[in-house]
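First up is the structure itself, then whatever we jot down about it.
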Amino acid sequence: MIDINDSLLQRLAGAAAFDRGATYFRDGRVGELRQAGRKVFADVEGNESYTVTLIHTAQLFEGSCTCPASDNIDFCKHCVAAAMHYRSQRFRREQQLGGSGADRLQAYLESLDKKELIDHLNEFIQADKVSFEAWSIRADQALDVVDFKAVRKRITTAIPYNRQIYRYAQVRAYFARVAAVMDLLADVSATLTPEQLLTLCDYALQRIARALDTIDDSGGYRFESLERLAELHQQAFQSIDWSAASAAEYLLTYFLSDRSELLPEALAHYLDAVPEGAQEQFEASLATQWQQLPAMQAQADEESQHLYRKLQAYMLQLAERQEDVDAAIEIKAKTAVETYDYLALFDYCLKAKRLQQAEDWLLRAEQGEKNRQYNTDILRRHRIELHEAKGEFALAVELQWQRFKQQPRLESYSKLLVLAGSVQQREIWQKKAQDRLLQQLDETKQGYGHAQLASLLIRIFLQEEQLLAALNLAEKHTADDDSLLSVARETTDQPERALALYMRVVDQCVARANNDSYQRAVGIALNARRALGDKVETLWQQQLLLVREKHKAKRNFQKFLDAGLAE
């Protein structure tokens, strides 16, 4: 095609017409181009609107215009403007054709006339129900005929429920459609009354809450929509001229619905913004709702229990704000149907120093579990706490001894000695507990249970600063890595004995035959060398060689060791 350059246009139009035409082009006076074969048509705005016809072929470029200066023959300033616009469009199209697929699509769409584009877009929109509803809202908004019922219907379409969706891609697509309708709701919010907007927000929240019953949104795709919905909901609520009574009534309904759980922070914001007296009326209504409920039954269904727990949480806030311990206990008691409820009440009463009430709840927990195989240790621990609070330390010591015998642990041993100290019998119970563990260790065959007992005794000896006892025990019995390492770190004044413990742990780690254990073994061996110093360097080398030889088939260990030694 012949090149359309400025020299050509100046030659065709003359210098004066060229300059005027360039100004028309820069001012954006050229309308949309229309092409038919080798002819290009464009309307140019001058004193009037004139139509330019350009002909562009491999050998020819010429133009004419309907203006008086051209008289459909000469190349006028309007032809110059149209030619420059045509040239810029061709240049852009050529760039797009040489670019990405998106660029070529853009070029194709720009080549279509307006009617074709409208037909394609309409066909695309009609194929998708959600897109149709969204574009319909835009159309209504542009025509200033937004209808409340139509917007509600479009929310219904965008948020269907009972869909059993759980795959991430499906859930993401679902909430992308929800987000789109939230954007549209924001767009039309200015055309709605605050009351209408609040109603639509509540309706959307209600549908989302119901949809989540069957949609697994563990990926959190709903949060973008909920964030936008929270903004609109708050905007609507705060724009309404509430009376105290109407605000309280709305907040009560909102609080008791599933909607409030989707926007859990909203209630606090609204209570800060309501008219004077509304919060007091709201809380009085909640108290009435709570008082009208009978004590919760153990067989209450999940929905009923949820209502009790929800009301209870707020009522407890009120009681604690007023520092009303009796009210708080009564509120907690209303939903107490299981052992863990009784124990929670026990803890609360104990902290409040209501010891008789604490004992009553503990008795209920103990009596309720006589035939149910509940965790006896938990009940016993609570009973010990009560004895402590009442100053019955001798009884607490006896019960703690039962706990220790049943489940020997460092925690139960330490607690035993603390309680025994309260009756000046720490040394007696210390010896009794250690003797029992030593006896059990002698009676237990080698294996996991034996190693557990030995490890516990080592930790007890270290805690009591009985270092020699801990060292002797560690040398004679199998124990876990951490216990042996603890003894080794405390006995650096006997480096040869400490080294033997370090290398035992190294051997135990390598025997587990995985890369993490190999790397830990190398780290422990190198730490032993640094901790014990030159005094045992030769012995360290010898023992490391023995470990190498013993585990020579474990190539990864050998590789990690070589790398560690090379550093």
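The values are calculated or read from the model by the stated rules, or taken from the named source; none is laboratory data. Model, not experiment: these values are computed from the prediction. Here the Cβ positions follow ideal geometry from the backbone for every residue, glycine too, while neighbour counts run over all protein chains shown.
Being assigned to a helix (DSSP H, G or I), surrounded by 20 or more Cβ atoms within 10 Å (Cβ to Cβ) and modelled with pLDDT of 90 or more is true for just one of A186, A209, A204, A169. Which residue is that? Working first, answer last.
Working: A186 fails: surrounded by 20 or more Cβ atoms within 10 Å (Cβ to Cβ); A209 fails: surrounded by 20 or more Cβ atoms within 10 Å (Cβ to Cβ); A169 fails: surrounded by 20 or more Cβ atoms within 10 Å (Cβ to Cβ).
None of the others qualify; the one that does is A204.
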Some residue of the stretch 483-504 being outside the structural domain of K550 (by TED's automatic domain parsing), assigned to a helix (DSSP H, G or I), surrounded by fewer than 16 Cβ atoms within 10 Å (Cβ to Cβ) and more than 46 Å from the chain's Cα centre (by Cα): no
Considering residues that are of a type in the set (A, V, I, L, M, F, W, C), exposed (fewer than 14 other Cβ atoms within 10 Å of the Cβ) and under 32 Å from the mean Cα position of the chain (by Cα), the number found within the stretch 237-291 is 2
So, of the residues in the stretch 11-38 that are of a type in the set (D, E, K, R) and either more than 25 Å from Q59 (Cβ to Cβ) or in a loop (DSSP other than H, G, I, E, B) (or both), which turns out to be nearest to the chain's Cα centre (by Cα)? E32
Which residues, taken from the stretch 323-347, are among the aromatic types (F, W, Y) and crowded, with 18+ Cβ neighbours inside 10 Å? Y342, F346
Determine whether the stretch 460-468 contains at least one residue that is assigned to a helix (DSSP H, G or I), closer than 21 Å to Q402 by Cβ and not aromatic (F, W, Y). yes
